[in-house]
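See below for the structure under consideration.
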Amino acid sequence: MLLHRIGKVRAAEFPPNIEWLNSKPLKMKELLGKVVLLDFWTFSCANCLRVVHFLLDWQKKYESQGLVVIGVHSPEFAFEKEKENVECAIDRLGITYPVALDPDYKIWNLYANRWWPRSFVVDHRGYIEYDHIGERGYAETESAIQAALAAIGAKDLPAITPDPLIGGGICYRVTPETYLGFLRGRYGNGMDLVPNVEHSFTDQGNHEEDLVYLHGHWLVGGEFIAHARDLSAPTEYILVKYGAFAVNAVLKPYQGGKAEVEVTFDGMPLPKEIAGIDIVYRGDQSIVKVTESRLYQLVNSERYHRGTLKISTKSSNIAMYALTFGGCKDI
């Protein structure tokens, strides 16, 4: 996380022809006199999703005092550019504040952005007063919101809850975010792959940490890997040795419809005490039903741990984009 202030820079105006959800088109010049909290996000980003809870809370607490919360949805993956997918995410997350669709990164570039999430507090004169990159720092962000509101006469603002210390204030070394397409992928056994062509991979069983190993028939695209064969059993998989509290996967039905993956930990069904919210159990299998394009939580543990995660499938209709790992509790 990086936190810095950028001084008295005027907030860029929203460009014309931007599509809005939950609102008519907004203009910064029309919001003068208000305080604007501008949040750049995308719906498959775990860090962004955790910030949404706070944005909704601040909207509820401060909207009547003059705060306008605006989300700018700037996609990371191609499927996040589709309006219908964003609408589904907004509905699923209960987002009620305005969201500007930014599939071509017009707003992103106007703010010289490079990160998800990123939040700006814009004062009543249209100047950026606060700039925060990443999640956490919620108390400081709320303090910046209150200071900007006080400048337009807001009174009796509520006490700010301090940020909790996570893991006694210590976060652990975590497996880095792991992309699965060939443009950014890190493979332990992908030296001979041909991009955008189905290839047969063999997992030899010697695994280094933080690398993805593929086994079976996979097509490796720029952003994703896809399994496009029907099998009688989930014998083809990707595997990674990791260290984290939590593991998330960005998954998509490859050609619409639905798909399914089985998740195992150290060769066994995922223990229920570390199962993420998207894990369901069927007999002795721990599975994820992939019905839409989004982030799925596979592992959510109270303790930092290390192990080998295997995601197997027999489906002809699954695409996998990225794995993300939490190095602090609830991250």
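Among the residues of region 76-106, those identified as touching a residue at least 12 places away in the same chain (Cβ under 8 Å), open to solvent by 30 Å² or more (accessible area, probe 1.4 Å), within 24 Å of Ala12 (Cα to Cα) and over 15 Å from the mean Cα position of the chain (by Cα) are Lys83, Thr96, Pro103, Tyr105, Lys106. Go through region 153-165 and give me each residue that's at negative phi and either open to solvent by less than 60 Å² (accessible area, probe 1.4 Å) or small (Gly, Ala, Ser) (or both). Residues satisfying the conditions are Ala154, Leu157, Pro158, Ala159, Ile160. The sole residue among Val174, Val240 that is among the aliphatic types (A, V, I, L, M), open to solvent by less than 20 Å² (accessible area, probe 1.4 Å) and either closer than 27 Å to Asn300 by Cβ or touching a Cys at 6+ places or on another chain (Cβ under 9 Å) (or both) is Val240.
Being part of a helix (DSSP H, G or I) and open to solvent by 60 Å² or more (accessible area, probe 1.4 Å) is the filter here; which residues of region 107-142 pass it?
Asn109, Leu110, Glu140
Within region 77-106, the only residue that satisfies the criterion of being part of a loop (DSSP other than H, G, I, E, B), of a type in the set (D, E, K, R) and in contact with a Phe, Trp or Tyr (Cβ under 7 Å, 6 or more places away or on another chain) is Asp102. Only one entry of Ala249, Ala259 meets the criterion of being at pLDDT below 95 and surrounded by 16 or more Cβ atoms within 10 Å (Cβ to Cβ), and that entry is Ala259. Do we find a residue being of a type in the set (S, T, N, Q), assigned to a loop (DSSP other than H, G, I, E, B), under 24 Å from the mean Cα position of the chain (by Cα) and more than 15 Å from Leu180 (Cα to Cα) anywhere in region 242-255? There is at least one residue in region 242-255 that is of a type in the set (S, T, N, Q), assigned to a loop (DSSP other than H, G, I, E, B), under 24 Å from the mean Cα position of the chain (by Cα) and more than 15 Å from Leu180 (Cα to Cα). Being closer than 21 Å to Asp278 by Cβ, charged (D, E, K, R) and touching a strand residue (DSSP E or B) at 6+ places or on another chain (Cβ under 9 Å) holds for only one residue in Glu84, Glu63, Glu80, Glu135, and it is Glu80.
Tell me, yes or no, whether region 188-208 has at least one residue that is open to solvent by 40 Å² or more (accessible area, probe 1.4 Å), within 29 Å of Arg50 (Cα to Cα) and either assigned to a strand (DSSP E or B) or not β-branched (Val, Ile, Thr) (or both). No, region 188-208 contains no residue that is open to solvent by 40 Å² or more (accessible area, probe 1.4 Å), within 29 Å of Arg50 (Cα to Cα) and either assigned to a strand (DSSP E or B) or not β-branched (Val, Ile, Thr) (or both).
Counting just the residues of region 217-237 that are in contact with an Asp or Glu (Cβ under 7 Å, 6 or more places away or on another chain) and in a loop (DSSP other than H, G, I, E, B), which one comes out surrounded by the fewest Cβ atoms within 10 Å (Cβ to Cβ)? Out of the qualifying residues, it is Ala228.
If you filter region 262-289 down to residues that are in contact with a Leu (Cβ under 9 Å, 6 or more places away or on another chain) and polar (S, T, N, Q), you find that the one that is surrounded by the fewest Cβ atoms within 10 Å (Cβ to Cβ) is Thr264. Please determine, by comparing only the residues of region 143-152 that are of a type in the set (A, V, I, L, M, F, W, C), open to solvent by 30 Å² or more (accessible area, probe 1.4 Å) and in a helix (DSSP H, G or I), which one is farthest from Gly326 (Cα to Cα). My answer is Ala150. Checking Tyr242, Tyr296, Tyr304 one by one, the residue that is modelled with pLDDT under 95 and aromatic (Phe, Trp, Tyr) is Tyr304 and no other. Of all residues in region 178-198, those being at pLDDT below 95 and closer than 30 Å to Glu302 by Cβ number 1. The criterion of being touching a Lys or Arg at 6+ places or on another chain (Cβ under 9 Å) and modelled with pLDDT of 95 or more does not hold for Leu110. Residues in region 274-331 that are touching a residue at least 60 places away in the same chain (Cβ under 8 Å) and assigned to a loop (DSSP other than H, G, I, E, B): Glu292, Ser293, Lys314, Ser315, Ser316, Asn317, Gly327, Cys328, Lys329, Asp330, Ile331.
The values are calculated or read from the model by the stated rules, or taken from the named source; none is laboratory data. Every value quoted in this text rests on a predicted model; they were computed, and no experiment measured them. Note that we place each Cβ from the backbone using ideal geometry, even for glycine, and neighbour counts take in every protein chain shown. For accessibility, only protein heavy atoms count, side chains too; no ligands or nucleic acids. Shrake-Rupley method; radii C 1.70, N 1.55, O 1.52, S 1.80 Å.
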